[in-house]
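For reference, the structure is listed below as structure tokens.
Each value in this text was obtained by applying a stated rule to the coordinates, not by laboratory testing. Note that the coordinates shown come from a computational prediction; the quantities given were computed from them, not determined experimentally. We place every Cβ from the backbone using ideal geometry, glycine too, and count neighbours over all the protein chains shown.
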Amino acid sequence: MTRTSVLHQSLLLTQPEEPPKGPELNLRLKEQECLTILKTCKNLEEFKKVHAHVLKWGFFWNPFCASNLVATCALSHWGSMDYACSIFRQIDEPGAFDFNTLIRGFVKEVEFEEALFLYNEMFERGVEPDNFTFPALFKACAKLQALKEGMQIHGHVFKVGFECDLFVQNSLINMYGKCEKVEFASAIFKQMDQKSVASWSAIIAAHASNGLWSECLKLFGEMNNEKCWRPEESILVSVLSACTHLGALDLGKCTHGSLIRNISALNVIVETSLIDMYVKCGCLEKGLCLFRMMADKCQLTYSVMISGLAMHGQGKEALSIFSEMLREGLEPDDVVYVGVLSACSHAGLVNEGLLCFDRMKLEYRIVPTVQHYGCVVDLMGRAGMLGEALELIQSMPIQQNDVVWRSLLSASKVHHNLEIGEIAAKNLFQINSHHPSDYVLLSNMYARAQRWYDVAKIRTEMASKGLNQSPGFSLVEVARKVYKFVSQDRSHPAWDNIYEMIHQMEWQLKFEGYSPDISQVLRDVDEDEKRERLKGHSQKLAIAFALIHLSQGSPIRIARNLRMCNDCHTYTKLISVIYEREIIVRDRKRFHRFKDGTCSCRDYW
DNA sequence: ATAGGGTTAG
């Protein structure tokens with residue numbers, strides 16, 4: 001029997017033989033004992049015994065004693081908020097401490113609204129909040145994405161003068177980050193006198209989770225310059241996420257190294273982020289390797305791996321990992337199915353994909369979202385089932401959006417079906433979607449059908465709407481630096497060399513039977529000019545630059561903002577044979593891996 | 001007198 005339980009027995013099971021005589025001294029002593037035992041309670045039962053004793057001996061009227069009861073019951077892992085509240089309600093004039101502990105208790109129990117209600121009561125009863133009140137409240141606002149309430153309470157912070165408290169500031173940064181108000185978070189961060197690791201963690205996470213990837217990396221750099229902070233796991237995961245979205249493989253690798261050096265055991269979140277980073281930066285094998293070595297995988301790990309394989313056009317592998325996931329007894333959710341369906345679509349596994357779609361609805365009772373329909377339209381489109389795809393869109397029980405119609409439009413283009421292409425485009429424009437690339441696609445289809453009048457009509461329409469295809473660019477990493485090439489850009493310092501290389505490449509391409517596909521140039525210029533423009537597409541410039549600088553055998557990795565044109569696709573396939581290079585290009589949606597004259601997308605994208 | 005902030009992924 002432990003010392004505490006002996007104490008419990010002596011306190012609770014036996015009555016004191018006579019009422020204490022020197023009441024002051026004796027009562028204080030007993031009170032102190034109660035408090036000591038309170039700290040050692042291991043479950044609610046033990047706690048209730050102490051509570052009973054406190055009531056019995058009248059210690060409850062000591063505010064300090066009552067506060068401690070509420071705090072212990074509200075904050076211990078075995079505690080009960082209901083019970084804590086009932087004790088709280090017995091206190092005549094609860095102070096800030098009592099409200100604080102109860103608010104924190106509610107936040108701990110994920111009852112954020114309750115926490116805010118309690119603050120409201122605090123406010124109405126005229127109890128002034130202190131520096132301990134606010135962090136919990138801002139956490140509640142962050143979780144609820146309650147910007148209005150958060151800003152209101154932020155006002156109170158100024159009123160009671162805690163705007164310079166480090167903890168209050170950190171929780172404010174987090175709250176504004178979660179409410180998608182990064183500017184507000186930055187404003188607080190910038191005027192802080194001193195910062196802690198939590199401040200950096202909060203501001204970096206705020207940028208990462210709001211898609212401000214470059215700023216996130218910039219802040220990480222500043223943090224490293226300012227002091228020798230030991231890199232923290234959560235910060236490194238935010239950085240990894242930025243690398244993933246920017247396609248920054250080098251920095252991603254460094255972050256991996258930093259994780260291995262600084263964190264003793266990588267958890268599921270970290271390992272999943274690493275897999276995602278490698279796969280989305282073009283290193284599928286490295287991602288697969290980490291995936292295979294992982295001991296504990298969760299649903300998200302599978303999700304990341306499946307959509308990663310989908311992006312690389314490895315449909316069969318994606319499906320086999322999906323069945324592995326089901327064998328492990330993990331329940332697939334709607335996002336996993338987006339990965340599975342897009343894997344089927346990118347790999348041309350039409351029947352498998354349609355089967356998966358049925359199984360998702362019937363067996364797993366997942367209500368298809370627009371993204372699912374987009375994948376299935378893609379899938380049918382690839383197989384040339386354009387009529388069926390159109391029917392599917394028209395029979396969708398949910399609101400059609402631009403994604404599904406755009407899928408149909410691209411499929412019509414691949415299969416040269418102008419009739420359905422026109423329907424898709426008409427619907428796109430009707431729902432007020434006016435992407436320049438959609439106009440370009442339709443115009444290309446008219447051009448192929450030699451319907452010049454319609455081509456002109458579209459061009460006029462684009463001009464009248466002020467639509468311009470935003471300039472395409474390609475990024476390529478050479479010696480740890482990322483170089484950006486914009487189409488037709490001749491401002492690069494090594495332009496002469498690049499142009500010379502382009503010239504050489506074209507000369508060799510001619511022997512392989514390449515002729516420029518000038519239909520891809522939608523400008524009112526003569527054929528020579530069209531050929532010139534085609535030559536200056538950013539991807540070709542990037543490849544030329546990489547061929548000059550990267551050693552033989554190392555793959556060329558390119559990330560681009562737009563999808564590539566047919567000509568660049570054909571061109572790159574041939575370059576991969578002639579120069580015996582693997583060229584990996586990431587566009588908005590997926591990877592193209594050019595090797596030995598073929599592309600992993602099998603000419604459908 | 002009692003306590004507190006950042007927890008990251010598709």
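Listing for the model above:
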| item | result |
| --- | --- |
| Acute angle (nearest 10 degrees) that the helix A:299-311 long axis makes with the longest principal axis of chain A, alpha-carbon atoms | 10 |
| Subset of A:K148/A:K190; A:K413/A:K535; A:K181/A:K540; A:K178/A:K286 violating a 29 Å alpha-carbon distance limit | A:K181/A:K540; A:K178/A:K286 |
| Net charge dipole size for chain A [Lys, Arg +1 and Asp, Glu -1 on Cβ; Debye, nearest 20] | 1080 |
| Which of A:C568, A:C281 has the fewest Cβ neighbours within 10 Å, and the rest in rising order | A:C568, A:C281 |
| Phi to ³J(HN,Hα) by Karplus 6.51 cos²θ - 1.76 cosθ + 1.60 over region A:485-491, Hz, x for Gly, Pro | 10, 9, 3, 6, 7, 10, 8 |
| Taking region A:30-161 and dividing mean pair separation by its residue count, relative contact order in percent (alpha carbons under 8 Å, at least six apart) | 16 |
| Positive dipole terminus of region A:487-573, leading residue within A:S538, A:W495, A:N561 (C-beta point charges) | A:N561 |
| Spatially proximal lysines relative to A:K361 (Cα-Cα < 24 Å; intrachain offsets below 8 disregarded) | A:K316 |
| Cα-based radius of gyration of chain A once divided by 2.2 N^0.38 Å, which approximates compact folds | 1.28 |
| HN-Hα J in Hz across region A:541-551 - Karplus 6.51, -1.76, 1.60, θ = phi - 60°, x for Gly and Pro | 4, 5, 5, 4, 4, 5, 4, 5, 9, 8, 5 |
| Along principal axes, Cα extents of region A:31-188, largest first, whole Å | 54, 28, 24 |
| Relative contact order %, chain A, counting alpha carbon pairs below 8 Å whose residues are six or more apart | 6 |
| Projected-area mean, region A:473-599, by convex hull of Cα positions, square nanometres | 7.4 |
| Amide H contacts under 5 Å for A:M385, placed H, 5+ residues apart | none |
| Karplus (6.51, -1.76, 1.60) ³J(HN,Hα), θ = phi - 60°, over region A:284-294, in Hz, Gly and Pro reported as x | 4, 4, 4, x, 4, 5, 4, 4, 5, 7, 6 |
| Residue-averaged 222 nm ellipticity for chain A, from DSSP H runs of 4+ at -39500 (n - 2.57), nearest 500 | -20000 deg cm²/dmol |
| Relative frequency of Cα-Cα separations exceeding 22 Å in region A:371-504, percent | 51 |
